[in-house]
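Undergrad: Please read through the structure below; I'll follow up with questions.
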Amino acid sequence: MSASPPFSPIQAINAFYRKRFDFQSRSCRSEFWWVQLAYFFVGLVAATIDVEIFGYSESEIAKPTVLLVELALLIPLTALTTRRLHDVGMTGWAQLPTFILYIEYFPGYEGFVFGGLEKAGAELALALVMTLYLFWILFYLIRDGEAGQNRFGSNPKDLSLSDTFD
């Protein structure tokens, strides 16, 4: 089997939609990054709608259209990231710390993660730890996948595009 070419943006979005609840297989880099780019633009449009049409300020965290987009895409994007991590041989659970970032959305957040620390110190510590973690996980998300089959399945680059979209 020969390696298939990278996904085009349309193919990546199509594969993302078809595998939106697939937490088992693998996804190649091109599929992952094209979807991330599309997600960025969808979020930008949602934020613009909230600010320009609904009149929310840019500094408000929980804008309704952005929140709706985030909720609608939470499971599919988590599944995509799981498949991408599977491609490099990691478990999808490695992305679990990213959900700590969502704590900031909860009203009345009072230092849940670092309870006893002074709030400013806790936020600084959380920001430092999360920054280091995000660089670590980003390293794996940009790496090329493992060649051949791994414990999560066949290499998506070895599949023909017809196998991917059937």
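Any read-out appearing in this document is the output of simple, stated calculations on the displayed coordinates, not a laboratory observation. Since we're looking at a predicted model, the values are computed, not measured. A quick note on method: Cβ atoms are made from the backbone with ideal geometry, for glycine too, and the neighbour counts reach across all protein chains shown.
Undergrad: So, R0 is 35 Å and r is the distance between the beta-carbons of residue 54 and residue 123; what FRET efficiency does that work out to, to 0.05?
TA: Efficiency at R0 = 35 Å is approximately 0.75.
Undergrad: Kindly rank 74-81, 127-134 from highest to lowest mean number of other beta carbons found within 10 Å of each residue.
TA: 74-81, 127-134
Undergrad: Residue 22 versus residue 136, label points 7 Å from Cα toward the beta carbon: distance in nm?
TA: Rounded to a tenth, the inter-label distance reads 2.9 nm.
Undergrad: Treat the count of other C-beta atoms within 10 Å as a stand-in for reagent exposure and order 33, 136 from fewest to most.
TA: 136, 33
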